[in-house]
Each structure stands twice: as structure tokens, then as C-alpha cells.
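Trainee: I'd like to ask you about the structure that follows.
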Amino acid sequence: MQLESFKILHISGHHLLPEAQCLFAGIAPYSCLQAVLEHAAQTSVKLDLTYDAIVCTGDIVHDVVSSHDHLADAYELFIQALRSQYPQTPVYLCPGNHDPLDLFAQLVQHAHFEPAKLVAQVNQAVVINLNQYWNLILLNSQLPTQVGGELTQEQCTFIQELVVSQPDKHVLLALHHNPLPTGCAWLDSYDFKGVDKFWQKVQALEAIKGIVHGHIHQDIISMVGNTKVMAVPATSIQFKPHAVDFALDELAPGYRILSLEANGTIEQQLYRLDVVPSVEPITGY
Ligand SMILES: [Zn+2]
């Protein structure tokens, strides 16, 4: 008998602005997110699958060009886009460096956003039981006011204690920041506090089968021991791989579908929109 697998739609890097028609680097982040969610829905029909959950690894809004108060509208747009395509699917969220934690935390108070869970407090970790074979741990890697991230000893201890207390479960970790260097000098120049200690812990824990993250706006998959590390492209602008200085890439927004198997393996496939939105040059983000 084939055991049931758990299907996840992974998205990140929406960089939404307070109004649907607002542009960032020449593209409309809201339209891009809508297009990605629609594409993912069509893909699920083609593949004859249903998403058991949506995992969003942050940078839902773009706090650089909009005031804090107006960003509440950007989160409203996020809920609208997600729930018009997926009214019932559970959503699990980690904040990015561009997500103000107070507004991000309010997402779960929105009546139309149930069922959803998130990790909003600084240095927090939250576990979600997905099924009898898998746990998902959401990590808040945000280091307030910084582009780079942080994982604390307490978060690492949380992961270790969970693995030890539930030895029959496989674990997927979700966070915003990249736990591995990207090869882009400008991205790798940002500090990620505590990441070396995090890896010491993760490598000693056989149960951790995968890590999903955003932040780097690129599709990169790496194996560290038996842990598959998967960076998902943004649903908005894309960053050029191996760039020394900040540079945009001419690739379409994307998303990843993961299949968590009962035996601990993770199957995955990346998808991108068929049309590349034309971006205008920017010097940073
Ligand atoms: Zn980010």
C-alpha cells in the first residue's frame, strides 16, 4: 500500500505594497503574487494533487518605501490573494526582515485567514504536527532592524528537544534567512548570527530531513549531510546568482511544491510563471 504523502506549496518574497497597483522595480508585486498562486492552483489540477498546507517564509510586505501604518493594507492584500485562491488551506508563516512583527502577528487574528499559524516573537520557534510522520518547525530568524538574521541557542535547543521527544517523526524546518552562503558577495556580506551553532546541532540530528527558506530570491538546492536545503525564488523580483553587487535577474517569479513522504524523503519541484515581468533597474531593495 502506498502511504499518503504531505503536499506543501512553498512561497516567499512577495514584497507587497499598500495598494494593489503599486509598483516596485517596475513590477506590481500584488499581480505577481496573484499570478503565482493561480499558476500553482493550475499545476495542482494538472498533477491531480491537493495542497495540504501553504508555507510562506516571509518578506510578505516591503517596508522600505511605505510607512508602517500603510503596511497593514499590504497584509490585507496578502490575505485577499491567498484566500481567493485557497480559502481553506492551512497557512504556516515565518517573518522576513521586511515584515514588521506587530503587523505580521496580527495576520492570525484575521477571521478570513484561519487556519493559519505563525512564529511572530523574536527568537521564537513553533512546532506544527503535519501528520503521523512529519513535524514542521517554524523559526523566526529576524534580527530586528537588520537585513541579516539570527538563530539563538534557545531555538536550537527547542529543535533538539523536539527531535529527542518524538523520535519517530521526520522534521522540516522553515525560516526566512538562508542558512548557507549563496555565492552572491553582497548577500553573503550580511551577518547571520548563530548559524554555525545551528548547523552543528542540525547535522547531529538525523531526523531533520529538510530546510526551506526565502530571502535570496533564487532557486538553490543543497544537501548538507542528509538534510535538503531549498531556497525558493521570490514571487516578485529575482536576484542574479553569483553577483558581486546587487543585481536583478531576468527570470520569472516562482514557487516550489514539496512532497513529504512517509519514509522521510522529500520530493520537490520548482515552477515559474511562463511570462517574465519586465523589471526596471534598482540599486538595492
Ligand atoms: Zn529577506
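Trainee: Among the residues of the stretch 152-169, how many are buried (at least 18 other Cβ atoms within 10 Å of the Cβ) and within 10 Å of F198 (Cα to Cα)?
Mentor: Residues meeting the conditions: 4.
Trainee: From the list V122, V126, pick out the single residue that is surrounded by fewer than 17 Cβ atoms within 10 Å (Cβ to Cβ) and without any contact (Cβ under 8 Å) to a residue 40 or more places away in the chain.
Mentor: None of the others qualify; the one that does is V122.
Trainee: Something else about it: Need pairs with beta-carbon distance below 8 Å; first residue within 17 Å of F113 (Cβ to Cβ) and within the stretch 41-60, second of a type in the set (D, E, K, R) and within 16 Å of the ligand (Cβ to nearest atom); sequence gap 6+ or separate chains.
Mentor: G58/D99; I60/D99
Trainee: Still on this structure, I have one more. Considering the stretch 34-65 alone, what residues qualify as being within 16 Å of the ligand (Cβ to nearest atom) and either surrounded by 21 or more Cβ atoms within 10 Å (Cβ to Cβ) or of a type in the set (S, T, Y) (or both)?
Mentor: Hits for the stretch 34-65 are V55, C56, T57, G58, D59, I60, V61, H62.
Trainee: Somewhere in the stretch 11-27, is a residue more than 18 Å from Q80 (Cα to Cα), surrounded by fewer than 20 Cβ atoms within 10 Å (Cβ to Cβ), in contact (Cβ under 8 Å) with a residue 24 or more places away in the chain and among the charged types (D, E, K, R)?
Mentor: Checking the stretch 11-27: not a single residue is more than 18 Å from Q80 (Cα to Cα), surrounded by fewer than 20 Cβ atoms within 10 Å (Cβ to Cβ), in contact (Cβ under 8 Å) with a residue 24 or more places away in the chain and among the charged types (D, E, K, R).
Trainee: Criterion first (closer than 24 Å to Y190 by Cα, out of contact with any Pro (no Cβ under 7 Å at 6 or more places or on another chain) and not polar (S, T, N, Q)) does F24 satisfy it?
Mentor: yes
Trainee: Considering V119, V108, V164, which residue is within 16 Å of the ligand (Cβ to nearest atom), over 27 Å from W186 (Cα atoms) and not acidic (D, E)?
Mentor: That would be V119, the only listed residue that is within 16 Å of the ligand (Cβ to nearest atom), over 27 Å from W186 (Cα atoms) and not acidic (D, E).
Trainee: Still on this structure, I have one more. Quick check, is L172 surrounded by 20 or more Cβ atoms within 10 Å (Cβ to Cβ), away from the ligand (no atom under 16 Å from the Cβ), at pLDDT 95 or above and not in a helix (DSSP H, G or I)?
Mentor: Against the criterion (surrounded by 20 or more Cβ atoms within 10 Å (Cβ to Cβ), away from the ligand (no atom under 16 Å from the Cβ), at pLDDT 95 or above and not in a helix (DSSP H, G or I)), L172 qualifies.
The values are calculated or read from the model by the stated rules, or taken from the named source; none is laboratory data. Since the model is a prediction, treat every value here as computed from it, not as a measurement. Every residue, glycine among them, receives a Cβ derived from its backbone with ideal geometry; neighbour counts consider all protein chains shown.
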